[in-house]
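S.K.: Quick one: the structure is below, questions incoming.
The values are calculated or read from the model by the stated rules, or taken from the named source; none is laboratory data. Note that the structure is predicted; figures quoted are calculated from it, not measured. Cβ coordinates were reconstructed from backbone atoms using ideal geometry, including for glycine residues, and neighbour counts include every protein chain displayed. Keep in mind that these areas ignore ligands, DNA and RNA; they rest on the heavy atoms of the full protein, side chains included. Shrake-Rupley method; radii C 1.70, N 1.55, O 1.52, S 1.80 Å.
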Amino acid sequence: MTLARSIGLLALALAAACGGGNGGGGPGPTPTSLAKAATATGDSQVASPSASLPAPFRVLVRDQDGNPLGNVDVTWSVVAGGGSIAPATSPTDANGIATATSTLGAGAGVQTSRASRTGLSGSPVTFTAFGEINGAMTIAASGPTPTSVTDTVLSTIPVAVTVTNHTGAGVSGVIVSWSVSGGGGGLSQAVDTTDGSGVSSVNWTLGSTAGNQAVQASVTGLAGSPITFSGGAAGTATQMALNGGNNQVGIVNSALPTVHSVIVRDGHGNPKPGVAVTWGVYAGGGSISPTNPSTGSNGVASVQRTLGASPGPNTDTARVASLSGSPVGFTDTAAARQGITVSDNSFGPAAPTITAGTFVVWTWSAVNFHNVVWDVIPASAVVSSSGNPKSTGTFTLRLTTPGTYTYYCQVHGAPGGVGMSGTITVNP
């Protein structure tokens, strides 16, 4: 090999080692950012439901130097509103532009799609489109009446909706269908056309039954359809009646097991909430709590009755001025109490004498287990035993039949007064 040829080969090797062949430019371009195209992005188009948008969505991919970059795959997908977008993946062209065409979903409203590529800044890019039916997109409640009304039964109230396009402007000439969907009542008309402001309104006369009343306004295909108005409160309170808790018997100075309650209704029989009821104690003493309850959503007001200190009738009265049926009276009976302590191997007192109608209360205060089992009772008396032996708790029984009652502990006694036993004499 000649010297000149050797020098030429060495020069080529050095050039290659120093980056020769690509001008020393380093690695090729890399996609780094994704954004909407500078012009004709395709964003914010308007079309009919199920139609393809007239212009495609367009995004731009740039490299690390900010230059458009071709042959980069971009993924397209539907985010909301249904419909479809095609193709699912498209490559950028020589100008760095990738495109896809959206077909809207079946209903009117806002619909969104997006373009994305993992790892690129700005990804994903979201596009918005609007589906409109004859220029209308949305229906919503309008005017002074909220969708949940508090007007009373048989009231007549105006209800209204507004139909708008994608900019929020009212759309005139849209036919709105109105219907009663629950609770009776009626409408001034079943069909109405929106005015120049996009408003449709009718008068709704509520039915006579409180609650669960509803009316709907609808335009098929519009976002928000149907709009439901509901309500129907009870009318003016007109009547009050006893609801529960009357004619109970309890131990003196004790709270009755069932509360005293009244119910307030309007002229159509609907329970009326929020009515204050004044309660007072009359014969027999004791107490009422609270003294001024208000009726709840079911029209019922209630109090806890605590009996007086002496045996006999206990009365109290609930009243609301001007209501039919007011005042409502309650009569209960306070009965005497005879206590017996259940100790180990004995009942104390062992042989009390009581008046018919007295409550006998056995209270356990023992280490061992005991119970109360009846031995001899009057022929017409009906009594129950305390159950399985125990060492704590109470057992209460009202004895109403005069005569002599004998009992014993099943564990530590026996019939005939053997062992742990007791006797109760009941006088008329």
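S.K.: Being open to solvent by 30 Å² or more (accessible area, probe 1.4 Å), over 47 Å from the mean Cα position of the chain (by Cα), at pLDDT 95 or above and of a type in the set (S, T, Y) is the requirement here; does T333 meet it? Don't jump to the end; show me each part of the working.
M.R.: Numbers: open to solvent by 30 Å² or more (accessible area, probe 1.4 Å): yes; over 47 Å from the mean Cα position of the chain (by Cα): no; at pLDDT 95 or above: yes; of a type in the set (S, T, Y): yes.
Taking the combined requirement at face value, the residue does not satisfy it.
S.K.: For A234, which of the numbered conditions (1) small (G, A, S); (2) within 18 Å of S326 (Cβ to Cβ); (3) crowded, with 22+ Cβ neighbours inside 10 Å; (4) without any contact (Cβ under 8 Å) to a residue 60 or more places away in the chain fails to hold?
M.R.: (4) is the only condition that A234 fails.
S.K.: Which residues, counting only those in the range 337-352, are under 25 Å from G286 (Cα atoms) and crowded, with 16+ Cβ neighbours inside 10 Å?
M.R.: Taking the range 337-352 first, the residues under 25 Å from G286 (Cα atoms) are 337-340.
Matches in the range 337-352: R337, Q338, I340.
S.K.: Just to be sure before I move on: is A141 touching an Asp or Glu at 6+ places or on another chain (Cβ under 8 Å) and under 30 Å from W178 (Cα atoms) in the structure I sent?
M.R.: Details: touching an Asp or Glu at 6+ places or on another chain (Cβ under 8 Å): no; under 30 Å from W178 (Cα atoms): yes.
So A141 fails the test.
S.K.: So, restricting to strands (runs of 3 or more DSSP E) that lie completely within the range 317-416, which ones have at least 3 residues that are over 30 Å from V277 (Cβ atoms)?
M.R.: Details: elements: 328-335, 337-343, 346-348, 353-355, 358-364, 373-376, 394-399, 403-414.
In the range 317-416, the matching strands (runs of 3 or more DSSP E) lie at 337-343, 346-348, 353-355, 358-364, 373-376, 394-399, 403-414.
S.K.: For a quick check of your reading of the model, give me the residue pairs whose first member lies in the range 177-193 and is touching a residue at least 12 places away in the same chain (Cβ under 8 Å), whose second is acidic (D, E), with beta-carbon atoms closer than 9 Å and at least 6 apart or on different chains.
M.R.: Final answer for the pair search is S177/D192; W178/D192.
S.K.: Right, another one. Test of understanding: among V202, V176, which residue is modelled with pLDDT of 95 or more and touching a Leu at 6+ places or on another chain (Cβ under 8 Å)?
M.R.: Working: V176 fails: touching a Leu at 6+ places or on another chain (Cβ under 8 Å).
Selected residue: V202, the only one of V202, V176 that is modelled with pLDDT of 95 or more and touching a Leu at 6+ places or on another chain (Cβ under 8 Å).
S.K.: Are any residues in the range 38-47 surrounded by 14 or more Cβ atoms within 10 Å (Cβ to Cβ) and either among the polar types (S, T, N, Q) or closer than 24 Å to R117 by Cα (or both), and if so, which ones? Break it down stepwise before answering.
M.R.: Taking the range 38-47 as the starting set, the residues that turn out to be surrounded by 14 or more Cβ atoms within 10 Å (Cβ to Cβ) are 41-43, 45-47.
Residues satisfying the conditions are T41, G42, D43, Q45.
S.K.: Can you go through V277, V262, V281 and tell me which one is among the aliphatic types (A, V, I, L, M) and either farther than 13 Å from V328 by Cβ or without any contact (Cβ under 8 Å) to a residue 24 or more places away in the chain (or both)?
M.R.: Details: V277 fails: either farther than 13 Å from V328 by Cβ or without any contact (Cβ under 8 Å) to a residue 24 or more places away in the chain (or both); V262 fails: either farther than 13 Å from V328 by Cβ or without any contact (Cβ under 8 Å) to a residue 24 or more places away in the chain (or both).
So the residue among V277, V262, V281 that is among the aliphatic types (A, V, I, L, M) and either farther than 13 Å from V328 by Cβ or without any contact (Cβ under 8 Å) to a residue 24 or more places away in the chain (or both) is V281.
S.K.: Also, I was wondering about something else. Of everything in the range 299-314, what is open to solvent by 30 Å² or more (accessible area, probe 1.4 Å) and either part of a strand (DSSP E or B) or touching a Lys or Arg at 6+ places or on another chain (Cβ under 6 Å) (or both)? Give them in sequence order. Even if it seems obvious, please write down each step before you answer.
M.R.: If we filter the range 299-314 for residues that are open to solvent by 30 Å² or more (accessible area, probe 1.4 Å), which is where we start, we get 300, 302, 304, 306, 309-311, 313.
The answer is V300, S302, Q304, T306, P313.
S.K.: May I ask you to list pairs of residues, at least six apart or on different chains, whose Cβ atoms are under 9 Å apart, with the first in the range 132-150 being without any contact (Cβ under 8 Å) to a residue 24 or more places away in the chain and of a type outside the set (A, V, I, L, M, F, W, C) and the second being loosely packed, with under 15 Cβ neighbours inside 10 Å and part of a strand (DSSP E or B)?
M.R.: Here the result reads P144/P158, each pair linking the range 132-150 to a residue that is loosely packed, with under 15 Cβ neighbours inside 10 Å and part of a strand (DSSP E or B).
S.K.: Related question: Specify which of the listed residues (L69, L53, L60) is over 38 Å from the mean Cα position of the chain (by Cα), under 30 Å from P226 (Cβ atoms), open to solvent by less than 30 Å² (accessible area, probe 1.4 Å) and aliphatic (A, V, I, L, M).
M.R.: None of the other options fit; the residue is L53.
S.K.: While we're on this one: Has the range 238-248 got at least one residue that is surrounded by 18 or more Cβ atoms within 10 Å (Cβ to Cβ), over 29 Å from the mean Cα position of the chain (by Cα), modelled with pLDDT of 95 or more and closer than 30 Å to G131 by Cα?
M.R.: Within the range 238-248, not a single residue is surrounded by 18 or more Cβ atoms within 10 Å (Cβ to Cβ), over 29 Å from the mean Cα position of the chain (by Cα), modelled with pLDDT of 95 or more and closer than 30 Å to G131 by Cα.
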